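Worksheet: the structure to be examined is printed underneath.
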Amino acid sequence: MAYTKAEAVEQIYLAIHGGQPSPDVNVRREDIPLYLAAAINYVLTSEIRARKKEERIDGWLGGASGIDPEFLATYYLTIEYDDQRDLKYAALPVKLASLPANAALSTVAPLQGELPFVKMKGQYEDVTVRRIMPNNTRYWYEKIAHWERIYFTNISPIIETVMARLIASIDDLADDDVLPIPNGMDIQVMSLVKDWFSGQRQMPADMLNNNKDDKR
């Protein structure tokens, strides 16, 4: 079942309070979204790892992110120019969900055409990638102060708008937006949050909002 942000918060709130609000439990609805975001990150990270492991076992070497496409939102972004760095970029209108290797940014592509741009880990990887793909447009994600941007190299001067497929942090989701959780994992996510508030579980390392792949 797909839950909106408000529905998930209410379900967790009632579960913590034993089915109905109680003055004896010091948990407020506004306390829940922070831990809900962390639980979603943790579950999605686990799912990505599992799917990539399956791909390796099956011998498939594609570049899939391991994220259910139905939870990726599409945004149209305007290309701008950073005169300090002499680079073109597109500003993200939302914060990305904190997933390892910036997996929340799944695809960036031109509005017309069949091939997406080539994703890189960072600007300085371009030195290597452009030798292999000199004719492709390459891009990478950066967070600068409170801005989140996608920078480009070798992007056509006639391209003014690009399409990005991504998972937004639930901080930027409205109450009536559906949470980006793979089918069947909504109960796991809400149980993690409920157990944390009930003192039955410690926050796993990967639930920290540090955008690192904290492997064990």
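For the reader, a short list of remarks on this structure follows.
- Taken together, Ala50, Ala37 contain a single residue that is assigned by TED's automatic domain parsing to the domain that holds Ser191, surrounded by 16 or more Cβ atoms within 10 Å (Cβ to Cβ) and either of a type outside the set (Phe, Trp, Tyr) or modelled with pLDDT of 85 or more (or both), which is Ala37.
- Residues that are closer than 12 Å to Asn136 by Cα, outside any strand (DSSP E or B) and hydrophobic (A, V, I, L, M, F, W, C) within segment 100-119 comprise Leu115, Phe117, listed in sequence order.
- Residues within segment 78-98 that are of a type in the set (Lys, Arg) and surrounded by 15 or more Cβ atoms within 10 Å (Cβ to Cβ), tallied: 2
- Top-ranked residue of segment 179-216 - restricted to ones that are hydrophobic (A, V, I, L, M, F, W, C) and closer than 16 Å to Ser169 by Cα, ranked as modelled with the lowest pLDDT: Leu208
- Flag for Ser106 being surrounded by 12 or more Cβ atoms within 10 Å (Cβ to Cβ), small (Gly, Ala, Ser) and in contact with a helix residue (DSSP H, G or I) (Cβ under 6 Å, 6 or more places away or on another chain): no
- Among the criteria (1) in contact with a strand residue (DSSP E or B) (Cβ under 8 Å, 6 or more places away or on another chain); (2) assigned to a loop (DSSP other than H, G, I, E, B), the one Tyr81 does not fulfil is (2).
The values are calculated or read from the model by the stated rules, or taken from the named source; none is laboratory data. Not measured: the values here are computed from a predicted model. When we count neighbours, we look across all protein chains shown, and the Cβ atoms used for this are built from the backbone with ideal geometry, even at glycine.
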